[in-house]
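Have a look at the structure below before the remarks.
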Amino acid sequence: MAKHSIEPHFEIGEKGRVICQDHDKYFHFIDPNKSYFDEQFLDVELTCKSCHHYINDECYFSKSRIDKIARKLRCYKCHFCGRKIERMFSVMQKLYYQEKYNVQLALICCSCCESFARGNFSQESKRKIYSYSILFFFNIYSVWIVYFILMLFGINLFLLISYLVPILYINCILFDRVKNLIFGIKYAKKLE
């Protein structure tokens, strides 16, 4: 039976990444001399599954629980922008502080964390809302243009529908992102 005696300690790295200080590869994660190639693949390595505490099942989080969290990782979303959280340590930090200290941390992606650190989260979010809104209206405009062109040449309705379905899908994604960013701005103001 595993002891689960290792208490994780988390820190936020330069690029807004949550890093476990008790991980075997901790010094590799924070090494300032990493090559560009290493830096690009660091996100893949930021997981409990490569740590000997996970392998020996001696971490605060049991091996089975870590596996369960890893399977459901795509279900977690950033509270500020709605993006899916792709890094396990972000979720682990939130769960650890929630269970150990009864502190409710907001789940945050690296991009939002960086913009908070720079002090321009609200401006960046508004810029993204503006960009997504322009794309949304451009897509609607392009549907009308394609519709008129198809009607002008007498091409069947199937082509319009085959063009319309992906545009509607993209617009649903854009609308969801705008909604999440507006909610994130309100949420950030409430935390201030």
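A short reminder: the numbers here are calculations on the coordinates, not readings from a lab. Owing to the predicted nature of the structure, the values given are computational and were not obtained by experimental measurement. Neighbour counts are summed over all protein chains in view; Cβ atoms, including those assigned to glycine, are modelled from backbone coordinates with ideal geometry.
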Legend entry - For the range 159-171, 3J(HN,Hα) per residue [Karplus equation, 6.51 cos²θ - 1.76 cosθ + 1.60, θ = phi - 60°, Hz, x = Gly/Pro]: 5, 5, 5, 5, 7, 6, 4, x, 5, 5, 4, 4, 5
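Greater than 25 Å separation of Cα atoms is the criterion. Which listed pairs, LYS128/LYS186; LYS72/LYS190; LYS84/LYS190; LYS15/LYS63; LYS25/LYS63; LYS100/LYS179, meet it?
Details: LYS128/LYS186 15 Å; LYS72/LYS190 28 Å; LYS84/LYS190 22 Å; LYS15/LYS63 28 Å; LYS25/LYS63 18 Å; LYS100/LYS179 32 Å.
Over 25 Å apart, Cα to Cα: LYS72/LYS190; LYS15/LYS63; LYS100/LYS179.
Efficiency by 1/(1 + (r/R0)^6): what FRET value for TYR97 and ILE134, r their Cβ-Cβ distance, R0 = 41 Å, to the nearest 0.05?
Details: r = 38 Å, r/R0 = 0.94.
According to the calculation, E is roughly 0.60.
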Inset, instruction - Evaluate the charge dipole of the range 10-113 about its Cα centre and quote only its size in Debye, nearest 20, assuming +1 on the Cβ of each Lys and Arg and -1 on the Cβ of each Asp and Glu. - result: 660 debye
Inset, instruction - Considering the options ILE69, ASN139, TYR96, tell which one lies farthest towards the positive end of the dipole of the chain, charges being +1 on Lys and Arg and -1 on Asp and Glu at the Cβ, about the Cα centre. - result: ASN139
Inset, instruction - Subtract the Cα-Cα distance of LEU191 and ASN33 from 0.36 nm times their separation in residues, and report this length gain in nm to one decimal. - result: 53.3 nm
Legend entry - Correct option for log10 I(q)/I(0) by the Debye sum over Cα atoms at q = 0.12, 0.18 Å⁻¹ [calculated from the coordinates] among (1) -0.65, -1.17; (2) -0.74, -1.19; (3) -0.58, -1.33: (2)
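Using Cα-Cα distances under 8 Å and only pairs 6 or more residues apart, what relative contact order does the chain have, in percent? Mind dumping the intermediate values first?
Numbers: 190 pairs, mean separation 38.6, N = 192.
Value for the chain: 20 percent.
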Legend entry - Amide H contacts of PHE10 (H built 1.01 Å from N, under 5 Å, at least 5 apart or other chain): GLN21
Legend entry - In order through the range 174-181: 3J(HN,Hα) via Karplus (6.51 cos²θ - 1.76 cosθ + 1.60), integer Hz, x for Gly, Pro: 4, 4, 5, 5, 4, 4, 5, 5
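Give the order of HIS52, HIS23 when sorted by the count of other beta carbons within 10 angstrom, beginning with the fewest. Write down the numbers at each step before the final one.
Details: HIS52 12, HIS23 24.
In order of increasing Cβ crowding within 10 Å: HIS52, HIS23.
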Inset, instruction - May I ask you to compute the full-extension gain from SER122 to ARG71, defined as 0.36 nm times their residue separation minus their alpha-carbon distance, rounded to one decimal in nm? - result: 15.1 nm
